[in-house]
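The values are calculated or read from the model by the stated rules, or taken from the named source; none is laboratory data. Small disclaimer: the values here were computed from a predicted structure and weren't measured. Please note: Cβ atoms are built from the backbone with ideal geometry, for glycine as well, and neighbour counts cover all protein chains shown. Just so you know, the surface numbers come from the protein's heavy atoms only, side chains and all, with ligands and any DNA or RNA stripped out. Shrake-Rupley method; radii C 1.70, N 1.55, O 1.52, S 1.80 Å.
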Amino acid sequence: MQSKILELIKHIKSRPKMFFWCNDNLDTYIIYFQGFFCNIYLEHNIDIERELSKWYQERVTFKAPNMVWFAQFKHINESLEQKEQIEKFLNTLIEFFKSYDLKNYSTT
């Protein structure tokens, strides 16, 4: 599954208008990935947003363990321009999916 997710992110990076033809801003990407992660949870019972949140907490100075990862990312990077935010957002997801082993995911 990870390789397919990484492939998807690669396509989004190289051809964003194939996915987001109307608004090309960070909120659009966040909404897309919230839905994407929700679908993975419903289909595979893997809470990627929760795992991503835990992983992200270890890498940033602004600690907010009860904050939704998407909101925390947006808050930390609000000083960046939209294009920089989007680039950092996608790169963060790539880093997460390259390092996190979904095969060993446990709901306990």
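Computed quantities for the displayed model
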{"item": "Charged-residue dipole, Cβ positions (Lys, Arg, Asp, Glu), region 1-71 about Cα centre, Debye nearest 20", "result": "240 debye"}
{"item": "Out-of-range pairs (alpha-carbon distance over 28 Å; input Lys4/Lys63; Lys54/Lys103; Lys17/Lys54)", "result": "Lys4/Lys63; Lys17/Lys54"}
{"item": "Surface/4 of the Cα convex hull for region 32-88, nm²", "result": "4.2 nm²"}
{"item": "Compactness of the chain - radius of gyration and Dmax, Cα, Å", "result": "13.6, 40"}
{"item": "By average C-beta atoms within 10 angstrom, highest first, the peptides 49-56, 62-69", "result": "49-56, 62-69"}
{"item": "Solvent exposure of region 46-108 as accessible area per residue, Å², 1.4 Å probe", "result": "61 Å²"}
{"item": "Highest-first arrangement of 30-41, 7-18, where packing means the average Cβ count within 10 Å", "result": "30-41, 7-18"}
